[in-house]
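Quick notes on the structure that follows.
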Amino acid sequence: MNLLHRLTDGVPSRALWSLGLFLAALLVAPAVLGKYGLSVLILILYFAYVGQAWNIMMGFAGQLSLGHALYAGLGGYIAAGLFFHYGIGPWLGLFAAVAAASAAGAVVGYLGFRFSLAGVYFALLTIAFSEFTRIAFDHWGWVGGSGGLFLKVDATTDWLNLRGGPVLFYYVILALAVGAFILCRLLLESRLGRYWLAIREDAEAAQAVGVPVLRCKMIAVVISAAMTALAGVWNAFYYNNLFPETAFAMGRSIEFTLAPIIGGLGTLFGPIVGAVVLTGLGEIFTDLSEFFHISGIKQIFYGLALLIIVMYRPAGVWPWLADKFGFGEKRQ
Amino acid sequence: MTSDFLLSLAQAITKGLLTGMVYGLMALGLSVIFGVMRVVNFAHGELMVVGMYLAWMGFEYLQVSPMLSLPLIAVLFFGAGYALQRAVISPFIGRPEHQQFLLLLAIAILLVNACLAIAGPDSRGVQMESQFDSYELGPLVFDAVRLHAALVAVAIAGLLWLFFTRTRIGKSIRAAADNHMGALVVGLDVKRLYAFTFGVGAACVGAAGALMITIIPVTPFLAAEYTLLAFVIVIVGGLGSMTGALLGGLLIGVSEAVAGLLLQPSLKSMVSFGILILVLLLRPQGLLGKNSQ
């Protein structure tokens, strides 16, 4: 009960009831929604989950990573490769996936933090490692090289091997998103979370008052990488194909950053709100662009929307919404 | 080590040096903007691609050689960069990096997809007669277009150097970069200087685009690659250092050409990223950068 107490401590009961209702709605959603609605909801939960993972690094600890595709790609490729070559199921494979991504995160993080790279410099280091890995995978036969790695599409539900239809994947990603939300809440309330915020605001001052800066940053990057690897595993088994060009693409890394930035960096609900806004806009623009028959028009709408949001709500949509509706979660 | 191999190596290095000068000019734009405003232009490669498309259009529809349309493109880019800074980017100066990143990302998405919408996804190149010309120096052969592009790039870099060291406005910009508060105190119109700087940076990359189209054809998908390439070059050379950007351009140009010769061509950017990682770890301020970030 101690854990539950820590989770709900200081949260107004109105907010708890709303959350409970929201979760209940998500649990019954597959029974109500059609195929299309479910696929959109799956996308939202996926981006909310990876957004949460990325937010730990940037929103909490203040380290800008633009190379998170590295962890998702490694995770996906390792789990899918083990399944493809040796028939090892993803529930076992994910341990290898998480281990590899955490190790990669630790290497990137250690090199960056050890040499006190910050801001853009650190971001470029993360991009460089991700791009480096992309090109290496392009030339690595075991994972199919640039031709890609394909899993056999199988519609019979098999929880043990994560094979089945959208409903299965929906509940898995829902569990991940809920788990990430709870984990982030616990982290933020912990001593470690306070240390992260101190580092984010002023790393030198934090160091001066005795915060173990390097260790805290390392923990942030490893947790974030491990969580992102799980998203990669889920993604690989959901889509059944992997290409280095997309798995490690900078575009993918950027996609991961959008939901938390648009939603509200450093907040618990930011990644969720951001994922709803961005996925919703994406779907609307897809429909809208059907009328035009101009290549790139969807992305033009999308770019305009991003531009408008960042110009008028630079701190994100959620802090503004929370203010309007009287939920007082501020950016910590 | 046959002499054949040595010759092709020397050939690759010259080719890399020439392309590297154009790379350097492109990166110079990024470096100038960052050095003065501390804003990282994540839309840099997109600007480059827009420049390439404009030069291609001039050639395709008006039969104007890219070398002739270059000054016009540079002026156009200066104006566009000036306006963009004034209207959109200015409030974001001094804001957290992730907000600047998102803003310029949005601009990048708009630019590259506008190119896609207008010119389509096919690769567009210019076919000039001079593309078959070459100069010979002993056993070495220089492509004429590459050599011309490199010479023009160096000339523009020289003009830029004159601008920053000899003109009043150039000196004011450097003053504002060195000491923002001090510049305000002595009464410089820093906002206008910033807009001017973004204009100059954009003009550099626009000119580089006009030169690049004579060397390789353009597709919208090149944009992200050029953004990354420009970053690699300025970090290797030293963010904010003009000579650093040129040196970085030469280094990356040569490393790409040599890697394309010794390894598979698809591995060439792996070498660039390898160099970037090494520089970031061993000398994060870049080869010619000043010590503090």
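If only residues of the stretch B:37-69 that are modelled with pLDDT under 95 and among the β-branched types (V, I, T) are counted, the one that is farthest from the chain's Cα centre (by Cα) is B:V64.
Residues that are in contact (Cβ under 8 Å) with a residue 40 or more places away in the chain, in contact with a Gly (Cβ under 9 Å, 6 or more places away or on another chain), under 27 Å from A:G37 (Cα atoms) and facing chain B (nearest Cβ under 10 Å) do occur in the stretch A:302-319.
Between B:A43, B:A80, B:A12, the distinction of being in contact with a helix residue (DSSP H, G or I) (Cβ under 7 Å, 6 or more places away or on another chain), under 29 Å from B:H98 (Cα atoms), surrounded by fewer than 20 Cβ atoms within 10 Å (Cβ to Cβ) and not basic (K, R) belongs to B:A80 only.
Within the stretch B:133-150, the set of residues being assigned to a helix (DSSP H, G or I) and either without any contact (Cβ under 8 Å) to a residue 12 or more places away in the chain or within 17 Å of B:F196 (Cα to Cα) (or both) is empty.
Does B:L18 meet the test of being within 14 Å of chain A (Cβ to nearest Cβ), part of a helix (DSSP H, G or I), aliphatic (A, V, I, L, M) and surrounded by 22 or more Cβ atoms within 10 Å (Cβ to Cβ)? For B:L18, the condition - within 14 Å of chain A (Cβ to nearest Cβ), part of a helix (DSSP H, G or I), aliphatic (A, V, I, L, M) and surrounded by 22 or more Cβ atoms within 10 Å (Cβ to Cβ) - is not met. When restricted to residues that are within 30 Å of B:G94 (Cα to Cα), away from chain B (no Cβ under 11 Å) and surrounded by fewer than 20 Cβ atoms within 10 Å (Cβ to Cβ), the stretch A:90-144 contains 0. In the set (1) touching a residue at least 12 places away in the same chain (Cβ under 8 Å); (2) over 20 Å from B:T19 (Cβ atoms); (3) among the hydrophobic types (A, V, I, L, M, F, W, C), B:V218 fails one condition alone, (2). Scan the stretch B:27-43 for residues that are hydrophobic (A, V, I, L, M, F, W, C) and in contact with a Cys (Cβ under 6 Å, 6 or more places away or on another chain) and the total you get is 1. The number of residues in the stretch A:67-89 that are more than 17 Å from A:G266 (Cβ to Cβ), under 18 Å from the mean Cα position of the chain (by Cα) and either within 14 Å of another protein chain (Cβ to nearest Cβ) or not in a helix (DSSP H, G or I) (or both) comes to 3. Taking (1) away from chain B (no Cβ under 11 Å); (2) hydroxyl-bearing (S, T, Y); (3) touching a helix residue (DSSP H, G or I) at 6+ places or on another chain (Cβ under 6 Å) in turn, A:S295 satisfies each apart from (1). Do we find that B:L105 is surrounded by 16 or more Cβ atoms within 10 Å (Cβ to Cβ) and closer than 30 Å to A:A61 by Cα in this structure? So B:L105 passes the test.
Restricted to the stretch A:1-41, and to residues there that are surrounded by fewer than 12 Cβ atoms within 10 Å (Cβ to Cβ) and β-branched (V, I, T), the residue that is nearest to A:I182 (Cα to Cα) is A:V28.
Scanning the stretch A:50-89 for residues that are on the phi > 0 side of the Ramachandran plot and either surrounded by 24 or more Cβ atoms within 10 Å (Cβ to Cβ) or of a type in the set (V, I, T) (or both) returns a single hit, A:G62.
The residues on offer are A:L162, A:L125, A:L183, and the sole one that is within 30 Å of A:G34 (Cβ to Cβ) and aliphatic (A, V, I, L, M) is A:L162.
Checking the structure you have, find out if any residue of the stretch B:255-274 is of a type in the set (V, I, T), under 28 Å from B:W161 (Cβ atoms) and crowded, with 18+ Cβ neighbours inside 10 Å. Checked against the condition, which is being of a type in the set (V, I, T), under 28 Å from B:W161 (Cβ atoms) and crowded, with 18+ Cβ neighbours inside 10 Å, the stretch B:255-274 yields no hits at all.
For the stretch B:191-212, does any single residue satisfy the condition of being farther than 19 Å from B:N41 by Cα, modelled with pLDDT of 90 or more and either within 14 Å of another protein chain (Cβ to nearest Cβ) or not in a helix (DSSP H, G or I) (or both)? No, the stretch B:191-212 contains no residue that is farther than 19 Å from B:N41 by Cα, modelled with pLDDT of 90 or more and either within 14 Å of another protein chain (Cβ to nearest Cβ) or not in a helix (DSSP H, G or I) (or both). Does A:N235 meet the test of being on the phi > 0 side of the Ramachandran plot and either touching a residue at least 60 places away in the same chain (Cβ under 8 Å) or crowded, with 24+ Cβ neighbours inside 10 Å (or both)? Judged against the criteria, A:N235 is not a match. Based on this model, can you work out whether B:L184 counts as aliphatic (A, V, I, L, M) and within 14 Å of chain A (Cβ to nearest Cβ)? No. Exactly one residue among A:G193, A:G179 is closer than 25 Å to A:V107 by Cβ and either surrounded by 14 or more Cβ atoms within 10 Å (Cβ to Cβ) or among the basic types (K, R) (or both), and that residue is A:G193.
Answer yes or no: is there a residue in the stretch A:248-263 that is of a type outside the set (S, T, N, Q), buried (at least 24 other Cβ atoms within 10 Å of the Cβ) and over 20 Å from A:F60 (Cβ atoms).
Taking the stretch A:248-263 and keeping what is of a type outside the set (S, T, N, Q), we get A:248-252, A:254-256, A:258-263.
Then drop every residue that is not buried (at least 24 other Cβ atoms within 10 Å of the Cβ), which leaves A:248, A:256, A:259-263.
Remaining after also requiring over 20 Å from A:F60 (Cβ atoms): A:248.
Checked the stretch A:248-263: at least one residue is of a type outside the set (S, T, N, Q), buried (at least 24 other Cβ atoms within 10 Å of the Cβ) and over 20 Å from A:F60 (Cβ atoms).
Restricting B:F77, B:F101, B:F92, B:F34 to residues that are hydrophobic (A, V, I, L, M, F, W, C) and more than 20 Å from the chain's Cα centre (by Cα) narrows the list to B:F92.
The values are calculated or read from the model by the stated rules, or taken from the named source; none is laboratory data. Just so it is clear, the structure is predicted and the values come from calculations on it, not from any experiment. Heads up, the Cβs are rebuilt from the backbone with ideal geometry, glycines too, and the neighbour counts pull from every protein chain shown.
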